[in-house]
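The values are calculated or read from the model by the stated rules, or taken from the named source; none is laboratory data. Source: prediction; values computed, not measured. When we count neighbours, we look across all protein chains shown, and the Cβ atoms used for this are built from the backbone with ideal geometry, even at glycine.
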Amino acid sequence: MDTTALHRFTADKPGHTLRECPHCALLQRVPDMKAGGAAICPRCGAVLRRQRTDPFRRPLAFAVTGLFMFAVAARMTFLVFDLSGRVNETTLESGPLELQAQGMWELAIVVFITTMFAPLAKLISLVWVLGCLQLRRAPRHLHAVFRWVELLSPWAMVEVFLLGVFVAYTKLIDLAHVEVGVAVYTLGALMLATAAADATLDHMAVWEALQRRGLTARPMNAADAPQLPVPGVRLLGCECCGLVTPAAPRCPRCGSRLHARKPDSLNRTVALLVAAMILYIPANLLPVMTIISFGSGSPSTILGGVVELADAGMWPLAILVFFASITVPVLKLIGLWLLVITTRNASSWRLRERTRIYRIVEGVGRWSMIDVFMISILTAIVRLGTLATIRPGPGVTSFCGVVIVTMFAAMIFDPRLMWDAAERRQEQRGPATMRTAQAAAR
Ligand SMILES: [Zn+2]
Ligand SMILES: [Zn+2]
């Protein structure tokens, strides 16, 4: 363990929490900060905590607004398609329902979870936890509900869906008259409210409040949350709530399974990467949708869709879709392979930059869902028989598979292994080189 960082972190601050950096495993003390302050890991640059002005009531207000917007969006008209007097009106759930009717139930489930279930469940859980924390006697199960907020967050993709709506809209106005319904605007407001709730929420503050009020997975004592490394006691950092606690099967605060590193991380990441590479082939070769107009159908692939947008003169959108659908999946695959191979080789090459690559890969993956959402919207709205119909093609299921599988691969890869492997190699070479390497990493 790097003790110099410990001292530098807390030289003259009495209040602090012990944290293990989730990206480089450095154990350090995070001081109590003023509102607006952020604690950054000195070794890899990960944000360990952002202190907020009002960490409970502000995110609660935004989450309640988001819930209200969701209720409106779910009941109102989404898009109206009008082709020479033949009108088709859709709502938010039309996309998944139509995909299911076309036999693409896997895709229907993914679209339903990412655009409806996860955003709604996340907001309800957040309102429940923050609302109950305002009560004098809060229910005991709050830790389990807040764990759901952490689990659901990566799968709530309203902002990506809205971009999909925008791309679908620009494709539709070529075909017919399209009216944007109230649901699209309220979905925009829902996205802003959710982003504001996320930006004002201090996850650590919520976990600490739950701990203070005894609303934890099991009753906790001082030994469960030490403020300093205890000699002879093996400490583990919880990946869900961030508590650093003596080794045990489960975290006493949130109830998640505890492990020093994500189990079998490298092998599972490799298996998922291979699966994603296999799926990548049909995703790009097979048509993702077929546009039937006046009886004749023209299948289109992912790349074909980008070319169509460019031909229509919509360059910014063509570049955006090219980036999200073609560049991002390839860069994710290359990035994750690079991380896996350098970890396997115990390389100490640019550890800080490699950790940054991991953060980018983890954050950017969801944006590739634009094409999937666009196809789900087009399938639901263009249903006028031989006059004009859009059917999803087999390529879209593979493409969605690539996105989901690489998202799982990024979640399963444990970036701390890169630092462990490099440290082990340095230890074998000798303590002098280890100190130089640590100084260089900083
Ligand atoms: Zn770090
Ligand atoms: Zn925990």
Scanning segment 29-66 residue by residue, the ones that are within 16 Å of ligand 1 (Cβ to nearest atom), closer than 30 Å to LEU190 by Cα and touching an Asp or Glu at 6+ places or on another chain (Cβ under 8 Å) total 2
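Inside segment 75-93, can you point out the residues that are charged (D, E, K, R) and either in contact with a strand residue (DSSP E or B) (Cβ under 7 Å, 6 or more places away or on another chain) or assigned to a loop (DSSP other than H, G, I, E, B) (or both)?
Pass one, segment 75-93, residues charged (D, E, K, R): 75, 82, 86, 89, 93.
Hits for segment 75-93 are ASP82, ARG86, GLU89, GLU93.
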If we keep only residues of segment 245-257 that are within 21 Å of the chain's Cα centre (by Cα) and part of a loop (DSSP other than H, G, I, E, B), then the residue surrounded by the fewest Cβ atoms within 10 Å (Cβ to Cβ) is SER256
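Would you mention how many residues in segment 369-386 are of a type outside the set (A, V, I, L, M), closer than 25 Å to PHE408 by Cβ and in contact with a Phe, Trp or Tyr (Cβ under 8 Å, 6 or more places away or on another chain)? Give the derivation first.
If we filter segment 369-386 for residues that are of a type outside the set (A, V, I, L, M), which is where we start, we get 371, 373, 376, 379, 383, 385-386.
Adding the requirement that they be closer than 25 Å to PHE408 by Cβ leaves 371, 373, 376.
Still in the list and also in contact with a Phe, Trp or Tyr (Cβ under 8 Å, 6 or more places away or on another chain): 371, 373.
Residues meeting the conditions: 2.
Considering only segment 94-202, give the helices (runs of 4 or more DSSP H) lying wholly within it that have at least 2 residues that are polar (S, T, N, Q). Lay out the reasoning, then the answer.
On the way: elements: 94-101, 105-112, 118-133, 142-152, 158-172, 182-200.
Result: 94-101, 182-200.
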Of the residues in segment 170-188 that are surrounded by fewer than 17 Cβ atoms within 10 Å (Cβ to Cβ) and either among the aliphatic types (A, V, I, L, M) or modelled with pLDDT of 95 or more (or both), the one that is nearest to ARG75 (Cα to Cα) is VAL182
Filter pass, LEU266 being out of contact with any strand residue (DSSP E or B) (no Cβ under 9 Å at 6 or more places or on another chain), under 30 Å from ARG344 (Cβ atoms) and away from ligand 1 (no atom under 16 Å from the Cβ)
yes
When segment 377-402 is checked residue by residue, the ones that are closer than 19 Å to LEU279 by Cα, among the aliphatic types (A, V, I, L, M) and out of contact with any Asp or Glu (no Cβ under 9 Å at 6 or more places or on another chain) are VAL402
Pairs returned, first residue in segment 208-222 that is assigned to a helix (DSSP H, G or I), second residue that is within 16 Å of ligand 1 (Cβ to nearest atom), beta-carbon separation under 9 angstrom, 6 or more apart or interchain, are GLU208/THR17
Residue set ARG359, ARG354; condition basic (Lys, Arg) and either in a loop (DSSP other than H, G, I, E, B) or surrounded by fewer than 20 Cβ atoms within 10 Å (Cβ to Cβ) (or both); output residue ARG359
Within segment 234-267, the residues that are charged (D, E, K, R), closer than 18 Å to PHE413 by Cβ and within 13 Å of ligand 2 (Cβ to nearest atom) are GLU239, ARG257
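The rows are residues; the columns are (1) modelled with pLDDT under 85; (2) in contact with a Leu (Cβ under 6 Å, 6 or more places away or on another chain); (3) crowded, with 20+ Cβ neighbours inside 10 Å; (4) of a type in the set (D, E, K, R).
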position	(1), (2), (3), (4)
MET369	no, no, yes, no
LEU378	no, no, yes, no
ARG383	no, no, no, yes
ARG391	no, no, no, yes
PHE399	no, no, yes, no
PRO415	no, no, yes, no
ALA421	no, no, no, no
GLN426	no, no, no, no
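Test of understanding: among MET104, MET76, MET116, MET69, which residue is surrounded by fewer than 19 Cβ atoms within 10 Å (Cβ to Cβ) and not assigned by TED's automatic domain parsing to the domain that holds SER376?
Details: MET104 fails: surrounded by fewer than 19 Cβ atoms within 10 Å (Cβ to Cβ); MET116 fails: surrounded by fewer than 19 Cβ atoms within 10 Å (Cβ to Cβ); MET69 fails: surrounded by fewer than 19 Cβ atoms within 10 Å (Cβ to Cβ).
Going through MET104, MET76, MET116, MET69 in turn, just one is surrounded by fewer than 19 Cβ atoms within 10 Å (Cβ to Cβ) and not assigned by TED's automatic domain parsing to the domain that holds SER376: MET76.
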Residue pairs within 8 Å by beta carbon, gap of at least six or interchain, first lying in segment 76-104 and over 18 Å from VAL184 (Cβ atoms), second among the hydroxyl-bearing types (Ser, Thr, Tyr) and at pLDDT 90 or above, listed first then second, are LEU99/SER376; LEU99/THR379; GLN102/THR379; MET104/THR397
- Message: I'd like to check something: does segment 270-290 contain any residue that is more than 29 Å from the chain's Cα centre (by Cα) and assigned by TED's automatic domain parsing to the domain that holds PHE373?
- Response: yes
